[in-house]
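These notes are about the structure you will find just below.
The values are calculated or read from the model by the stated rules, or taken from the named source; none is laboratory data. None of these values were measured; they are calculated from a predicted model. Every residue, glycine among them, receives a Cβ derived from its backbone with ideal geometry; neighbour counts consider all protein chains shown. The area values use the complete protein model at the heavy-atom level, side chains included, leaving out ligands, DNA and RNA. Shrake-Rupley method; radii C 1.70, N 1.55, O 1.52, S 1.80 Å.
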Amino acid sequence: MRRYRIALVPGDGIGKEVIPAGRQVLEALAATTSGALEFAFESYPWGGDYYRAHGVMMPADGLEALKDKDAILFGSAGDPEIPDHITLWGLRLKICQGLDQYANVRPTRILPGIDAPLKRCRPEDLDWVIVRENTEGEYSGAGGRVHKGFPMEVAAEVSVMTRAGVERIQRYAFQLAASRPRKMLTVVTKSNAQRHAMVMWDEIAAEVARDFPGVKWDKEMVDAMTARMVNRPASLDTIVATNLHADILTDLAAALAGSLGIAPTANINPERVHPSMFEPIHGSAFDIMGKGTANPVATFWTAAMMLEHLGENEAARRLMKAVETVTANPKLHTRDLGGTATTADVTDAVCSAISAARTPLATA
Ligand code: IPM
Ligand code: MG
(Lines give C-alpha, C1' and ligand atoms only; values in the text may rest on other atoms or scores of the structure.)
(Ligands and ions follow the chains in the order given, each with its own letter.)
Protein backbone atom coordinates (compact mmCIF):
# COMPACT_ATOMS: atom_id res chain seq x y z
CA MET A 1 0.00 0.00 0.00
CA ARG A 2 1.28 3.42 -0.94
CA ARG A 3 -0.07 6.23 1.22
CA TYR A 4 0.73 9.84 0.49
CA ARG A 5 0.22 12.79 2.81
CA ILE A 6 -1.07 15.69 0.74
CA ALA A 7 -1.44 19.25 2.03
CA LEU A 8 -4.35 21.12 0.46
CA VAL A 9 -4.03 24.91 0.35
CA PRO A 10 -7.09 26.16 -1.58
CA GLY A 11 -6.21 29.82 -0.94
CA ASP A 12 -8.53 32.39 -2.48
CA GLY A 13 -11.21 32.87 -5.12
CA ILE A 14 -11.82 29.87 -7.36
CA GLY A 15 -8.97 28.06 -5.60
CA LYS A 16 -11.66 27.15 -3.06
CA GLU A 17 -13.69 25.54 -5.83
CA VAL A 18 -11.06 23.73 -7.86
CA ILE A 19 -9.01 22.25 -5.01
CA PRO A 20 -11.98 20.29 -3.56
CA ALA A 21 -12.62 19.11 -7.14
CA GLY A 22 -9.00 17.96 -7.34
CA ARG A 23 -9.38 16.08 -4.08
CA GLN A 24 -12.52 14.42 -5.39
CA VAL A 25 -10.80 13.02 -8.50
CA LEU A 26 -7.78 11.85 -6.50
CA GLU A 27 -10.15 10.03 -4.15
CA ALA A 28 -11.98 8.49 -7.11
CA LEU A 29 -8.63 7.34 -8.44
CA ALA A 30 -7.62 5.83 -5.09
CA ALA A 31 -10.99 4.08 -4.85
CA THR A 32 -10.20 2.07 -7.99
CA THR A 33 -6.98 0.64 -6.55
CA SER A 34 -8.37 -1.72 -3.89
CA GLY A 35 -6.26 0.00 -1.28
CA ALA A 36 -2.99 0.01 -3.26
CA LEU A 37 -2.95 3.79 -3.37
CA GLU A 38 -4.20 6.07 -0.62
CA PHE A 39 -4.15 9.78 0.10
CA ALA A 40 -4.28 11.41 3.52
CA PHE A 41 -5.36 15.01 2.93
CA GLU A 42 -4.81 17.84 5.35
CA SER A 43 -6.36 21.23 4.56
CA TYR A 44 -4.92 24.62 5.48
CA PRO A 45 -7.25 27.65 5.44
CA TRP A 46 -4.61 30.20 4.46
CA GLY A 47 -5.17 33.19 2.18
CA GLY A 48 -7.26 36.37 2.17
CA ASP A 49 -9.76 35.33 4.85
CA TYR A 50 -6.93 34.22 7.09
CA TYR A 51 -5.29 37.60 6.51
CA ARG A 52 -8.45 39.46 7.54
CA ALA A 53 -8.61 37.46 10.75
CA HIS A 54 -4.89 37.31 11.64
CA GLY A 55 -3.07 40.00 9.65
CA VAL A 56 -0.92 37.44 7.81
CA MET A 57 -1.63 35.16 4.85
CA MET A 58 -0.30 32.09 6.65
CA PRO A 59 0.94 31.49 10.22
CA ALA A 60 4.63 31.84 11.11
CA ASP A 61 4.97 28.07 11.57
CA GLY A 62 3.06 27.33 8.35
CA LEU A 63 6.08 26.15 6.40
CA GLU A 64 6.89 23.68 9.16
CA ALA A 65 3.40 22.18 8.85
CA LEU A 66 4.03 21.56 5.14
CA LYS A 67 7.48 20.07 5.47
CA ASP A 68 6.40 16.56 6.47
CA LYS A 69 3.92 16.24 3.58
CA ASP A 70 4.67 14.33 0.40
CA ALA A 71 3.23 17.10 -1.77
CA ILE A 72 1.13 20.26 -1.69
CA LEU A 73 -1.91 20.98 -3.85
CA PHE A 74 -2.37 24.74 -4.03
CA GLY A 75 -5.29 26.76 -5.42
CA SER A 76 -4.45 30.43 -5.74
CA ALA A 77 -3.56 33.55 -3.78
CA GLY A 78 -5.28 36.85 -4.48
CA ASP A 79 -8.07 38.89 -2.92
CA PRO A 80 -9.89 41.98 -4.19
CA GLU A 81 -9.47 43.70 -0.81
CA ILE A 82 -5.77 43.00 -0.27
CA PRO A 83 -2.90 44.34 -2.41
CA ASP A 84 -1.60 41.66 -4.77
CA HIS A 85 2.00 41.95 -3.61
CA ILE A 86 0.89 41.08 -0.06
CA THR A 87 -1.15 38.03 -1.04
CA LEU A 88 1.58 36.80 -3.37
CA TRP A 89 4.58 37.32 -1.11
CA GLY A 90 2.68 36.23 2.00
CA LEU A 91 1.66 32.85 0.68
CA ARG A 92 2.69 31.48 -2.69
CA LEU A 93 6.17 32.96 -2.94
CA LYS A 94 6.74 32.27 0.74
CA ILE A 95 6.09 28.59 0.13
CA CYS A 96 8.04 28.40 -3.17
CA GLN A 97 11.07 30.21 -1.79
CA GLY A 98 10.83 28.72 1.73
CA LEU A 99 10.71 25.16 0.42
CA ASP A 100 13.31 25.88 -2.28
CA GLN A 101 10.97 24.89 -5.10
CA TYR A 102 13.27 26.38 -7.67
CA ALA A 103 11.99 24.65 -10.77
CA ASN A 104 8.59 25.80 -11.94
CA VAL A 105 7.47 23.40 -14.63
CA ARG A 106 4.65 24.30 -17.01
CA PRO A 107 3.63 21.83 -19.73
CA THR A 108 1.43 22.98 -22.60
CA ARG A 109 -0.49 20.79 -25.01
CA ILE A 110 -3.73 21.21 -26.91
CA LEU A 111 -5.98 18.65 -25.24
CA PRO A 112 -8.54 16.72 -27.30
CA GLY A 113 -11.68 18.72 -28.09
CA ILE A 114 -10.09 22.08 -27.33
CA ASP A 115 -10.39 24.77 -29.97
CA ALA A 116 -7.01 26.51 -29.92
CA PRO A 117 -6.69 29.93 -31.55
CA LEU A 118 -3.78 29.33 -33.97
CA LYS A 119 -5.11 28.64 -37.45
CA ARG A 120 -2.34 26.47 -38.81
CA CYS A 121 -1.31 24.73 -35.59
CA ARG A 122 -2.19 21.05 -35.31
CA PRO A 123 -2.29 19.56 -31.78
CA GLU A 124 0.91 17.62 -32.52
CA ASP A 125 2.70 20.90 -33.35
CA LEU A 126 2.37 22.22 -29.84
CA ASP A 127 3.84 20.08 -27.08
CA TRP A 128 6.01 22.22 -24.85
CA VAL A 129 7.32 22.25 -21.33
CA ILE A 130 8.41 25.62 -20.06
CA VAL A 131 10.83 25.55 -17.12
CA ARG A 132 10.65 28.76 -15.11
CA GLU A 133 13.31 29.77 -12.60
CA ASN A 134 11.25 30.09 -9.44
CA THR A 135 13.29 31.52 -6.58
CA GLU A 136 15.33 34.51 -7.76
CA GLY A 137 15.84 36.78 -10.77
CA GLU A 138 13.22 39.48 -11.19
CA TYR A 139 11.25 38.00 -8.25
CA SER A 140 14.13 38.09 -5.78
CA GLY A 141 12.41 40.85 -3.83
CA ALA A 142 15.61 42.88 -3.65
CA GLY A 143 15.12 46.62 -3.79
CA GLY A 144 13.29 49.33 -1.94
CA ARG A 145 11.74 52.76 -1.97
CA VAL A 146 13.37 55.96 -0.76
CA HIS A 147 11.76 59.40 -0.23
CA LYS A 148 8.34 57.79 -0.23
CA GLY A 149 5.67 60.22 -1.34
CA PHE A 150 8.11 63.06 -2.11
CA PRO A 151 8.77 64.29 -5.64
CA MET A 152 12.24 62.76 -5.61
CA GLU A 153 10.90 59.32 -4.67
CA VAL A 154 13.04 56.47 -5.98
CA ALA A 155 12.10 52.80 -6.33
CA ALA A 156 14.55 50.04 -7.19
CA GLU A 157 13.52 46.53 -8.15
CA VAL A 158 16.72 44.59 -8.49
CA SER A 159 16.86 41.34 -10.40
CA VAL A 160 19.34 39.10 -8.63
CA MET A 161 20.81 36.09 -10.38
CA THR A 162 23.30 33.79 -8.76
CA ARG A 163 25.63 31.37 -10.53
CA ALA A 164 24.30 28.55 -8.34
CA GLY A 165 20.69 29.52 -9.02
CA VAL A 166 21.16 29.78 -12.77
CA GLU A 167 23.19 26.62 -13.00
CA ARG A 168 20.68 24.48 -11.14
CA ILE A 169 17.73 25.61 -13.27
CA GLN A 170 19.68 25.13 -16.51
CA ARG A 171 20.74 21.68 -15.39
CA TYR A 172 17.14 20.81 -14.51
CA ALA A 173 15.98 22.01 -17.94
CA PHE A 174 18.69 20.13 -19.85
CA GLN A 175 17.87 16.97 -17.90
CA LEU A 176 14.17 17.35 -18.65
CA ALA A 177 14.90 17.99 -22.33
CA ALA A 178 17.08 14.87 -22.41
CA SER A 179 14.18 12.82 -21.01
CA ARG A 180 11.72 13.95 -23.69
CA PRO A 181 11.54 12.28 -27.12
CA ARG A 182 12.75 15.26 -29.18
CA LYS A 183 15.65 16.14 -26.84
CA MET A 184 15.46 19.83 -27.70
CA LEU A 185 15.93 22.83 -25.43
CA THR A 186 15.47 26.51 -26.16
CA VAL A 187 17.19 28.85 -23.72
CA VAL A 188 15.30 32.14 -23.56
CA THR A 189 17.44 35.20 -22.96
CA LYS A 190 17.71 38.95 -23.31
CA SER A 191 21.46 39.27 -23.19
CA ASN A 192 21.51 41.91 -25.91
CA ALA A 193 19.91 44.50 -23.62
CA GLN A 194 20.47 43.04 -20.14
CA ARG A 195 24.22 42.89 -20.33
CA HIS A 196 25.18 41.55 -16.90
CA ALA A 197 22.95 38.83 -15.48
CA MET A 198 21.62 37.60 -18.81
CA VAL A 199 25.11 37.34 -20.25
CA MET A 200 26.01 35.16 -17.27
CA TRP A 201 22.79 33.18 -17.91
CA ASP A 202 23.92 32.49 -21.50
CA GLU A 203 27.44 31.53 -20.43
CA ILE A 204 26.15 29.08 -17.84
CA ALA A 205 23.72 27.55 -20.36
CA ALA A 206 26.67 26.88 -22.69
CA GLU A 207 28.68 25.34 -19.84
CA VAL A 208 25.85 23.06 -18.71
CA ALA A 209 25.15 22.08 -22.33
CA ARG A 210 28.57 20.37 -22.48
CA ASP A 211 27.26 17.79 -20.00
CA PHE A 212 24.32 17.01 -22.28
CA PRO A 213 25.75 16.23 -25.72
CA GLY A 214 22.51 14.43 -26.65
CA VAL A 215 20.40 17.58 -26.27
CA LYS A 216 20.05 19.88 -29.25
CA TRP A 217 19.77 23.40 -27.87
CA ASP A 218 19.39 26.91 -29.14
CA LYS A 219 18.99 30.41 -27.78
CA GLU A 220 16.16 32.84 -28.42
CA MET A 221 15.63 36.42 -27.29
CA VAL A 222 12.46 36.69 -25.24
CA ASP A 223 10.78 39.15 -27.60
CA ALA A 224 11.51 37.01 -30.66
CA MET A 225 10.34 34.03 -28.65
CA THR A 226 6.76 35.33 -28.50
CA ALA A 227 6.67 35.49 -32.30
CA ARG A 228 8.26 32.06 -32.65
CA MET A 229 5.68 30.52 -30.30
CA VAL A 230 2.93 31.85 -32.56
CA ASN A 231 4.57 31.33 -35.96
CA ARG A 232 6.66 28.18 -35.51
CA PRO A 233 5.27 26.27 -32.52
CA ALA A 234 6.65 22.94 -33.74
CA SER A 235 10.21 24.29 -33.59
CA LEU A 236 9.97 24.29 -29.78
CA ASP A 237 9.93 21.51 -27.20
CA THR A 238 11.53 22.16 -23.80
CA ILE A 239 12.11 25.81 -22.92
CA VAL A 240 13.95 27.43 -20.02
CA ALA A 241 13.57 31.07 -18.99
CA THR A 242 14.00 33.43 -16.07
CA ASN A 243 11.27 33.99 -13.52
CA LEU A 244 9.61 36.99 -15.20
CA HIS A 245 10.28 36.01 -18.81
CA ALA A 246 8.69 32.62 -18.19
CA ASP A 247 5.80 34.18 -16.29
CA ILE A 248 4.86 36.05 -19.45
CA LEU A 249 5.64 33.26 -21.92
CA THR A 250 3.56 30.73 -19.97
CA ASP A 251 0.44 32.89 -20.14
CA LEU A 252 0.96 33.12 -23.90
CA ALA A 253 1.50 29.35 -24.04
CA ALA A 254 -1.70 28.71 -22.07
CA ALA A 255 -3.71 30.98 -24.35
CA LEU A 256 -2.27 29.29 -27.47
CA ALA A 257 -3.37 25.93 -26.07
CA GLY A 258 -6.94 27.17 -25.74
CA SER A 259 -7.46 28.44 -22.19
CA LEU A 260 -5.77 29.52 -19.01
CA GLY A 261 -8.33 27.26 -17.32
CA ILE A 262 -6.42 24.19 -18.48
CA ALA A 263 -2.79 25.10 -17.76
CA PRO A 264 -1.04 23.35 -14.85
CA THR A 265 2.12 24.13 -12.87
CA ALA A 266 4.51 22.20 -10.67
CA ASN A 267 6.81 24.01 -8.25
CA ILE A 268 9.51 21.40 -7.82
CA ASN A 269 12.22 20.95 -5.25
CA PRO A 270 14.24 18.53 -7.40
CA GLU A 271 16.44 17.29 -4.55
CA ARG A 272 13.25 16.27 -2.66
CA VAL A 273 14.54 17.75 0.57
CA HIS A 274 11.18 19.54 0.76
CA PRO A 275 7.76 18.77 -0.69
CA SER A 276 6.90 20.16 -4.11
CA MET A 277 3.76 22.17 -4.79
CA PHE A 278 1.25 21.72 -7.60
CA GLU A 279 -1.18 24.42 -8.73
CA PRO A 280 -3.33 25.55 -11.62
CA ILE A 281 -1.87 28.61 -13.38
CA HIS A 282 -5.13 30.55 -13.58
CA GLY A 283 -5.13 32.38 -10.25
CA SER A 284 -8.08 33.39 -8.08
CA ALA A 285 -10.37 34.80 -10.85
CA PHE A 286 -12.63 36.90 -8.61
CA ASP A 287 -14.91 37.67 -11.54
CA ILE A 288 -16.23 34.11 -11.60
CA MET A 289 -15.67 32.99 -8.02
CA GLY A 290 -18.58 31.48 -6.10
CA LYS A 291 -20.46 30.67 -9.31
CA GLY A 292 -19.34 27.07 -9.67
CA THR A 293 -18.23 27.67 -13.25
CA ALA A 294 -14.44 27.50 -12.83
CA ASN A 295 -12.68 25.03 -15.07
CA PRO A 296 -11.17 22.31 -12.83
CA VAL A 297 -9.08 20.79 -15.65
CA ALA A 298 -5.92 22.75 -14.75
CA THR A 299 -6.17 21.35 -11.23
CA PHE A 300 -6.68 17.81 -12.51
CA TRP A 301 -3.69 18.11 -14.83
CA THR A 302 -1.54 19.47 -12.02
CA ALA A 303 -2.75 16.60 -9.81
CA ALA A 304 -1.49 14.26 -12.53
CA MET A 305 1.88 16.04 -12.40
CA MET A 306 1.85 15.52 -8.65
CA LEU A 307 1.26 11.79 -9.12
CA GLU A 308 4.15 11.62 -11.58
CA HIS A 309 6.38 13.41 -9.11
CA LEU A 310 5.39 10.84 -6.46
CA GLY A 311 6.37 8.06 -8.86
CA GLU A 312 2.75 7.06 -9.51
CA ASN A 313 3.10 7.16 -13.28
CA GLU A 314 0.32 4.72 -14.02
CA ALA A 315 -2.14 6.64 -11.85
CA ALA A 316 -1.06 9.89 -13.52
CA ARG A 317 -1.61 8.38 -16.95
CA ARG A 318 -5.08 7.17 -15.99
CA LEU A 319 -6.05 10.54 -14.60
CA MET A 320 -4.93 12.36 -17.75
CA LYS A 321 -6.74 9.83 -19.91
CA ALA A 322 -9.95 10.48 -17.98
CA VAL A 323 -9.42 14.24 -18.30
CA GLU A 324 -8.86 13.95 -22.06
CA THR A 325 -12.01 11.84 -22.48
CA VAL A 326 -13.92 14.65 -20.81
CA THR A 327 -12.31 17.58 -22.69
CA ALA A 328 -13.08 15.76 -25.95
CA ASN A 329 -16.79 16.25 -25.20
CA PRO A 330 -17.88 19.86 -25.89
CA LYS A 331 -20.93 19.36 -23.64
CA LEU A 332 -18.46 19.14 -20.78
CA HIS A 333 -16.70 22.41 -21.54
CA THR A 334 -16.85 25.19 -18.96
CA ARG A 335 -17.43 28.85 -19.83
CA ASP A 336 -13.76 29.66 -20.52
CA LEU A 337 -13.96 27.13 -23.36
CA GLY A 338 -17.23 28.51 -24.67
CA GLY A 339 -19.39 25.88 -22.95
CA THR A 340 -21.96 25.86 -20.16
CA ALA A 341 -20.77 22.96 -17.99
CA THR A 342 -20.15 23.62 -14.29
CA THR A 343 -17.14 22.71 -12.17
CA ALA A 344 -19.23 19.90 -10.66
CA ASP A 345 -20.29 18.55 -14.09
CA VAL A 346 -16.67 18.29 -15.24
CA THR A 347 -15.51 16.82 -11.93
CA ASP A 348 -18.25 14.18 -11.88
CA ALA A 349 -17.51 13.27 -15.50
CA VAL A 350 -13.79 12.82 -14.78
CA CYS A 351 -14.61 10.70 -11.70
CA SER A 352 -16.96 8.52 -13.78
CA ALA A 353 -14.33 8.13 -16.51
CA ILE A 354 -11.84 7.02 -13.87
CA SER A 355 -14.22 4.49 -12.35
CA ALA A 356 -15.25 3.21 -15.80
CA ALA A 357 -11.66 2.43 -16.83
CA ARG A 358 -11.41 -1.30 -16.25
CA THR A 359 -7.77 -2.05 -15.55
CA PRO A 360 -7.12 -1.67 -11.84
CA LEU A 361 -3.81 -0.19 -10.69
CA ALA A 362 -1.04 -2.63 -9.91
CA THR A 363 -1.00 -3.54 -6.23
CA ALA A 364 2.78 -3.46 -5.98
C1 IPM B 1 1.91 32.87 -12.14
C2 IPM B 1 1.18 34.10 -11.70
C3 IPM B 1 1.89 34.77 -10.54
C4 IPM B 1 3.29 35.15 -10.94
C5 IPM B 1 1.07 35.96 -10.08
C6 IPM B 1 -0.22 35.51 -9.43
C7 IPM B 1 1.81 36.90 -9.23
O8 IPM B 1 1.02 34.96 -12.76
O9 IPM B 1 2.02 31.92 -11.37
O10 IPM B 1 2.36 32.84 -13.28
O11 IPM B 1 3.54 36.20 -11.52
O12 IPM B 1 4.19 34.39 -10.67
MG1 MG C 1 1.79 34.25 -14.57
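Rolling a 1.4 Å probe over the heavy atoms of the protein chains gives the chain an accessible area of 44 Å² per residue. The modelled label-to-label distance for the pair Glu81/Arg163, using points 7 Å beyond Cα in the direction of Cβ, is 5.0 nm.
Dividing the convex hull volume of the alpha-carbon atoms in the stretch 283-326 by its residue count gives 71 Å³ per residue.
Excluding same-chain neighbours fewer than eight residues apart, the lysines reachable from Lys67 by a Cα-Cα span under 27 Å are Lys16, Lys94. Using the Kyte-Doolittle scale, which helices in the chain average at least 0.5 and also have C-alpha atoms spread 15 Å or more along the helix axis, with helices defined as whole DSSP H runs? Helices passing the filter in the chain: 197-209, 243-256, 297-309, 343-356.
In a shell of Cβ-Cβ distance under 9 Å around Val129, excluding Val129 itself, what net charge do Lys and Arg (+1) and Asp and Glu (-1) give? Net charge in that neighbourhood comes out at 0. Full extension of the segment from Arg180 to Glu314, taken as 0.36 nm per residue of separation minus the current Cα-Cα distance, would add 46.5 nm. What does the charge add up to near Gly338, with Lys and Arg as +1, Asp and Glu as -1, over the other residues with Cβ less than 12 Å from its Cβ? Charge balance in the 12 Å sphere: 0. Each Cα pair under 8 Å and six or more residues apart adds its sequence gap; the mean of these over the residue count of the stretch 117-256 is a relative contact order of 37 percent.
Working value for the chain: equivalent-ellipsoid semi-axes of 31, 26, 21 Å, each the square root of 5 times a Cα gyration tensor eigenvalue, largest first. With a cut-off of 10 Å between beta carbons, the residues surrounding Phe212 carry a summed charge of +3, where Lys and Arg count +1 and Asp and Glu -1. Measuring nothing but protein heavy atoms, the accessible surface of the chain at 1.4 Å probe radius is 54 percent carbon and sulfur.
Pairwise alpha-carbon distances in the stretch 117-256 exceed 23 Å for 38% of all pairs. Residues considered: Val323, Val215, Val273. Largest GNM mean-square fluctuation over the chain, using C-alpha springs under 10 Å, is found at Val273.
In terms of the mean number of neighbouring beta-carbon atoms within 10 Å, the peptides 148-160, 218-230, 25-37, 127-139 order highest first as 127-139, 25-37, 218-230, 148-160.
Full extension from Ser355 to Glu271: what is 0.36 nm times the residue separation minus their Cα-Cα distance, to one decimal in nm?
Once the chain is fully extended between Ser355 and Glu271, it gains 26.8 nm.
Within the stretch 149-188, whose backbone N sits under 13 Å from a point 7 Å along Cα→Cβ of Leu252? Counting only backbone N, you get 188.
Across the chain, the relative contact order, built from alpha-carbon pairs under 8 Å that are at least six residues apart, equals 23 percent.
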